[in-house]
Structures are given as C-alpha cells and as structure tokens.
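Note sheet for the following structure.
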Amino acid sequence: RNIVAESPEIPGIHNAWDFSFKNNMSGGQEMKTINFYKLTLVKEKEISYACSESLTSPDAVAKLAIDFIGMDKFAEEHMYLIALNVKNYVNGLTEISHGALSFSIVHPREIFKYAISMNAASIMLIHNHPSGDPTPSEEDVAMTKRIQEAGELLGINLLDHIIVADGKFASLREKGLL
C-alpha cells in the first residue's frame with residue numbers, strides 16, 4: 001500500500017521508498033541539514049601608487065589614507081585594513097567598518113576574516129576621526145590592543161594603527177601605544 005506517495009499533504013515525500021529511506025538513514029530522528037560555504041574574495045577596484053619600498057611607515061600609510069582614499073574628509077568614522085605580505089608589500093585593502101560621527105564598531109573577527117582571506121602576514125589599520133583631531137581615544141587604544149592580541153594568536157602581526165584627521169595623522173606605534 002502506497003499511502004504516502006498518494007498524499008499531497010506531505011510535501012517533499014515523493015513515494016513510500018523515499019519516506020522509508022529517510023527514516024532509516026536518520027534512525028527515525030529529525031533530519032538536520034549541513035550548509036556548505038565558500039568564501040570568495042572579489043577585487044572591487046585597484047589604485048596605483050608610487051612606492052619604491054614596502055608600505056610600513058606611518059607617513060606612507062597616512063598618505064595613502066588621505067590622498068587616495070580621502071579618509072580625512074569622511075563625515076563618519078571608517079576603518080580600513082591593509083593586508084601585507086611577508087615582505088610588507090600590500091596584498092589588499094578593504095573597508096572593515098563604517099560607523100557614525102564619533103565611533104565605529106570593530107571586532108577582531110571581522111578584521112582577521114579579511115586578513116586571512118587576503119593571505120596577510122601582517123596588517124595595518126587606518127581609521128579617521130571626523131572631529132579633526134587624530135589623537136587616539138581610550139577606546140581606540142583598547143581596541144587596538146585587543147586586535148594585536150588576536151593577531152598574535154593567529155600569527156598575523158599588527159604593525160600599526162594610524163588615525164587620520166584633517167590632513168594630520170597619529171601612529172599608535174610611534175606613540176608607544178602598540
């Protein structure tokens with residue numbers, strides 16, 4: 001008797017064998033699904049910049065942030081990640097966070113998700129202060145230390161965190177805060 005196959009009230013069951021097979025495979029338990037994912041990194045655009053050496057000096061990073069991205073003029077806080085290879089040449093750059101007037105929510109998870117996908121050996125962070133003052137806040141320092149600790153666990157060094165504002169910048173490394 002094939003009652004299940006005839007019943008339109010049971011969607012997804014096409015015949016009695018299908019119903020029996022699913023119950024036997026699961027031991028009569030409710031079936032769960034496993035989703036398979038693939039992380040794909042897509043290049044959005046590229047910029048050319050004159051650089052005869054690796055991009056690790058605070059001056060060079062601030063110049064990139066100000067001249068090429070225009071971060072010192074943003075009305076809200078933004079944070080960018082620069083992923084560097086083992087020779088400290090840029091593998092990639094991405095925006096990590098776009099916040100509000102005086103804050104941007106950033107978690108190490110988001111930073112290292114991108115850093116790992118861009119094959120970063122080390123990273124640098126850049127964010128802006130719309131107030132015009134690049135002085136690091138207590139929150140900036142605490143967040144930077146947390147990111148540095150996470151990077152140490154993953155083997156991805158945080159080389160510096162640069163804050164830009166109104167054509168000026170501050171390096172947390174140069175200030176001894178990193």
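Computed quantities for the displayed model
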read-out: Hits among lysines - C-alpha to C-alpha of Lys45 under 24 Å, sequence gap 8 or more where chains match; value: Lys63, Lys73, Lys87, Lys113
read-out: Other-chain or far-sequence residues with amide H under 5 Å of Asn128's (modelled H); value: His78, Val164
read-out: Residue-wise HN-Hα coupling along the stretch 150-167, computed from phi with Karplus coefficients 6.51, -1.76, 1.60 (Hz; x: Gly, Pro); value: 5, x, 4, 5, 8, x, 10, 6, 8, 6, 6, 10, 9, 10, 10, 6, 6, x
read-out: Other-chain or far-sequence residues with amide H under 5 Å of Leu158's (modelled H); value: Ile123
read-out: Modelled FRET efficiency - R0 22 Å, Glu152 with Asp59, Cβ distances, 0.05 increments; value: 0.30
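Taken together, the values in this text are just the output of simple stated rules run on the coordinates, not laboratory data. From a predicted model like this one, the values you see are computed outputs, not experimental measurements. Here Cβ is always computed from backbone atoms with ideal geometry, including for glycine, and neighbour counts include all displayed protein chains.
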